[in-house]
Amino acid sequence: MSSESSRRIQVPEKLKEVLLQFSIAFLVEQPPDVIDYAVEYFSKLQAERPSVATTEQSTDDQLSVNSQEADAEPPVMQGTRRKSVFAEAYDPEADDDDDGATAVFPKTDDQRARLVESVKNVLLFRSLDKEQMNQVLDAMFERKVQPLDYIIRQGDDGDNFYVIESGIYKVYIDDNHINTYTHTGLFGELALLYNMPRAATVQAETSGLLWAMDRQTFRRILLKSAFRKRKMYEELLNSVPMLKALQNYERMNLADALVSKSYENGERIIKQGDAADGMYFIEEGTVSVRMDQDDAEVEISQLGKGQYFGELALVTHRPRAASVYATGGIVKLAFLDTEAFERILGYLTDILKRNVVIYEQMYTDMARRNTNL
Ligand code: 1OR
Ligand code: 1OR
């Protein structure tokens with residue numbers, strides 16, 4: 001240390017921030033031993049530090065993620081990305097890199113048929129009208145892939161967006177394997193949607209076939225609709241406790257899959273005994289859950305904003321257990337169809353099954369009460 005700096009010791013901002021955060025965490029958790037806790041706290045902080053650590057990255061950025069989720073969430077948008085994509089303030093309406101030309105790649109009947117089949121389940125395309133969908137199909141081009149080919153490298157600028165026709169693809173963030181696509185799905189949308197560097201590396205495990213779309217076409221046709229939808233459902237999906245178990249990236253895929261539906265006061269949304277086609281999240285308003293009893297319907301529950309219903313039949317594979325009606329004015333719902341439910345929320349069924357036990361317990365209690373009357 002030079003004699004000059006030893007005379008005036010400056011406390012770096014970063015040190016202040018880190019110590020403040022540590023103190024807060026310590027006071028909140030109140031562990032028995034400060035040294036043990038500090039070792040654990042700073043080891044964790046070090047392990048979670050992005051490998052491309054930028055010295056100027058502020059703690060504010062890292063804290064922009066809701067603290068409850070920060071723990072559960074792997075470092076998805078760290079490194080070159082600064083914020084959770086969902087929290088991103090980026091406005092696509094103000095960002096115009098549209099050069100007016102739409103690429104058209106002629107295709108044989110066989111190619112077109114394969115492409116149509118591959119994009120059938122692409123949730124991101126759900127909000128497109130027929131004409132936009134045709135533009136998308138025209139603009140996509142085939143890319144053959146060999147085992148171990150790198151399709152995308154983390155940190156690069158985004159060029160194409162890809163839909164998988166075949167092949168297995170592994171996704172890595174900072175060399176950690178975080179996801180695998182097997183013969184279906186899409187990737188490479190994030191960098192194009194949010195105008196940011198690639199969040200992850202995608203490498204082919206086997207040979208395969210991809211359908212690609214260039215950045216300009218993607219942004220012209222898909223950007224605004226997809227972005228709006230993800231933004232629109234952000235608040236709703238963040239407010240559903242069950243979905244806290246999902247990663248941000250999965251919540252965005254869920255947003256792509258949702259379809260808005262409105263019901264007038266008194267309208268029936270679900271009929272007891274029907275086969276199930278999906279579940280609902282309540283965006284606005286309240287619903288009344290009613291069960292058939294003798295010749296009448298009895299209200300068993302009321303649900304409001306941020307709650308969901310219609311999941312039971314999807315989990316139990318049984319008919320609808322109750323009827324559900326819109327009450328008190330217009331009810332706005334976000335509908336998730338069975339197929340998307342299984343794909344995105346499949347592994348949450350354990351959480352959802354807890355409801356089944358509660359429902360069944362209440363049903364038994366109710367039946368017992370009725371027979372005692
Ligand atoms: P991209 O344009 O950033 C890499 O290029 C692509 O990997 C990315 O778009 C996504 O399409 C894809 N988090 C971020 N990107 C992912 C993830 C992912 N999975 C696939 N990609 N997570 C995995 C969630 C199961 C979150 C990990 C913390
Ligand atoms: P579903 O797909 O069977 C009706 O369609 C939905 O009503 C059901 O999913 C649940 O989401 C919702 N028992 C059964 N279903 C209920 C109940 C319920 N409450 C809401 N639903 N009980 C009330 C628990 C507070 C038990 C009644 C005895």
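The values are calculated or read from the model by the stated rules, or taken from the named source; none is laboratory data. Given the structure is predicted, the values throughout are model-derived calculations rather than measurements. Neighbour counts are summed over all protein chains in view; Cβ atoms, including those assigned to glycine, are modelled from backbone coordinates with ideal geometry. What goes into the accessible areas is simple: the full protein's heavy atoms, side chains included, and nothing from ligands, DNA or RNA. Shrake-Rupley method; radii C 1.70, N 1.55, O 1.52, S 1.80 Å.
Pick from the stretch 113-128 the residues that are of a type in the set (D, E, K, R) and not in a helix (DSSP H, G or I): which of them is farthest from Arg219 (Cα to Cα)? Walk me through it before giving the result.
Taking the stretch 113-128 as the starting set, the residues that turn out to be of a type in the set (D, E, K, R) are 114, 117, 120, 126.
Within this subset, residues satisfying the condition of being not in a helix (DSSP H, G or I) are 120, 126.
Numbers: Lys120: 20, Arg126: 16 Å.
Per the stated criteria, the residue is Lys120.
Which of the following residues is modelled with pLDDT under 95 and among the acidic types (Asp, Glu): Asp99, Asp156, Asp149?
Values: Asp156 fails: modelled with pLDDT under 95; Asp149 fails: modelled with pLDDT under 95.
None of the others qualify; the one that does is Asp99.
If you check Asp277, Asp294, which single one turns out to be open to solvent by 10 Å² or more (accessible area, probe 1.4 Å), out of contact with any His (no Cβ under 7 Å at 6 or more places or on another chain) and farther than 29 Å from Gly185 by Cβ?
Testing whether each residue is open to solvent by 10 Å² or more (accessible area, probe 1.4 Å), out of contact with any His (no Cβ under 7 Å at 6 or more places or on another chain) and farther than 29 Å from Gly185 by Cβ leaves just Asp294.
Return the residue satisfying two criteria in turn: it lies in the stretch 250-308 and is in a loop (DSSP other than H, G, I, E, B) and among the polar types (S, T, N, Q), and of such residues it is nearest to Arg228 (Cα to Cα). Spell out how you get there, then give the answer.
We begin by selecting, within the stretch 250-308, every residue in a loop (DSSP other than H, G, I, E, B); these are 258, 264-267, 271-277, 294-295, 304-307.
This time we only want the ones that are among the polar types (S, T, N, Q), so: 265, 272, 307.
On the way: Asn265: 27, Gln272: 34, Gln307: 22 Å.
The residue in question is Gln307.
Scan Leu209, Leu190 and give me the residue that is open to solvent by 10 Å² or more (accessible area, probe 1.4 Å), more than 16 Å from ligand 2 (Cβ to nearest atom) and in a helix (DSSP H, G or I). Full working, then the answer.
On the way: Leu209 fails: in a helix (DSSP H, G or I).
Answer to the check: Leu190.
Just to be sure, is Ser207 hydroxyl-bearing (Ser, Thr, Tyr), over 22 Å from Ser166 (Cα atoms) and in contact (Cβ under 8 Å) with a residue 24 or more places away in the chain?
On the way: hydroxyl-bearing (Ser, Thr, Tyr): yes; over 22 Å from Ser166 (Cα atoms): no; in contact (Cβ under 8 Å) with a residue 24 or more places away in the chain: yes.
Answer is no for this residue.
Being in a helix (DSSP H, G or I), touching a residue at least 24 places away in the same chain (Cβ under 8 Å) and in contact with a strand residue (DSSP E or B) (Cβ under 7 Å, 6 or more places away or on another chain): is that true of Phe161 here?
In short, no.
Pairs, please: C-beta under 7 Å, at least 6 apart or cross-chain, first residue closer than 17 Å to Leu209 by Cβ and in the stretch 96-123, second at pLDDT below 95 and open to solvent by 60 Å² or more (accessible area, probe 1.4 Å)?
Listed by first residue and then by second, the contacts come to Asn121/Thr184.
Consider Arg198 carefully, then state whether it is within 16 Å of ligand 1 (Cβ to nearest atom), of a type in the set (D, E, K, R) and open to solvent by less than 30 Å² (accessible area, probe 1.4 Å). Spell out the reasoning first.
On the way: within 16 Å of ligand 1 (Cβ to nearest atom): yes; of a type in the set (D, E, K, R): yes; open to solvent by less than 30 Å² (accessible area, probe 1.4 Å): yes.
Judged against the criteria, Arg198 is a match.
Kindly indicate the residue of the stretch 226-257 that is away from ligand 2 (no atom under 16 Å from the Cβ), among the aliphatic types (A, V, I, L, M) and under 11 Å from the mean Cα position of the chain (by Cα) and also most open to solvent (accessible area, probe 1.4 Å) among those meeting that condition. First the steps, then the outcome.
Let us first name the residues in the stretch 226-257 that are away from ligand 2 (no atom under 16 Å from the Cβ), namely 226-239, 244-257.
Checking the rest, the ones that are also among the aliphatic types (A, V, I, L, M) come to 226, 232, 236-237, 245-246, 252, 254-255, 257.
In the following step, the residues that additionally are under 11 Å from the mean Cα position of the chain (by Cα) were identified as 237, 245-246, 252, 254-255, 257.
Working: Leu237: 1, Ala245: 56, Leu246: 6, Met252: 1, Leu254: 0, Ala255: 0, Ala257: 0 Å².
Top of the filtered list is Ala245.
Which of the residues spanning the stretch 306-351 are closer than 14 Å to Tyr263 by Cα and open to solvent by 50 Å² or more (accessible area, probe 1.4 Å)?
Listed by number, the residues that qualify are Gly328, Ile330, Lys332.
Mind counting the residues in the stretch 129-158 that are in a loop (DSSP other than H, G, I, E, B) and either open to solvent by 70 Å² or more (accessible area, probe 1.4 Å) or more than 10 Å from ligand 1 (Cβ to nearest atom) (or both)? Spell out the reasoning first.
Residues of the stretch 129-158 that are in a loop (DSSP other than H, G, I, E, B), as a first pass: 129, 140, 146-149, 153-158.
Narrowing further to those that are either open to solvent by 70 Å² or more (accessible area, probe 1.4 Å) or more than 10 Å from ligand 1 (Cβ to nearest atom) (or both): 129, 140, 146-149, 153, 156-157.
Of the residues in the stretch 129-158, 9 are in a loop (DSSP other than H, G, I, E, B) and either open to solvent by 70 Å² or more (accessible area, probe 1.4 Å) or more than 10 Å from ligand 1 (Cβ to nearest atom) (or both).
Give the residues of the stretch 312-351 that are more than 14 Å from ligand 2 (Cβ to nearest atom), part of a strand (DSSP E or B) and either in contact with a helix residue (DSSP H, G or I) (Cβ under 7 Å, 6 or more places away or on another chain) or not assigned by the TED database to the domain that holds Gly285 (or both), sorted by residue number.
Across the stretch 312-351, the qualifying residue is only Ala334.
Among the candidates Val163, Val136, which residue alone is within 22 Å of Arg219 (Cα to Cα) and at pLDDT 95 or above?
Details: Val136 fails: at pLDDT 95 or above.
Only one candidate passes the filter, namely Val163.
Collect the residues in the stretch 20-45 that are modelled with pLDDT of 80 or more and either open to solvent by 80 Å² or more (accessible area, probe 1.4 Å) or not hydroxyl-bearing (Ser, Thr, Tyr) (or both), keeping them in residue-number order. Working first, answer last.
Within the stretch 20-45, the first condition is being modelled with pLDDT of 80 or more, and the residues that meet it are 33-43.
If the condition is that a residue be modelled with pLDDT of 80 or more and either open to solvent by 80 Å² or more (accessible area, probe 1.4 Å) or not hydroxyl-bearing (Ser, Thr, Tyr) (or both), then Asp33, Val34, Ile35, Asp36, Ala38, Val39, Glu40, Phe42 are the ones that fit.
For Asp129, indicate whether it is more than 22 Å from the chain's Cα centre (by Cα) and in contact (Cβ under 8 Å) with a residue 24 or more places away in the chain. Explain how you work it out, then say what you get.
Details: more than 22 Å from the chain's Cα centre (by Cα): yes; in contact (Cβ under 8 Å) with a residue 24 or more places away in the chain: no.
When the stated conditions are applied, Asp129 does not pass them.
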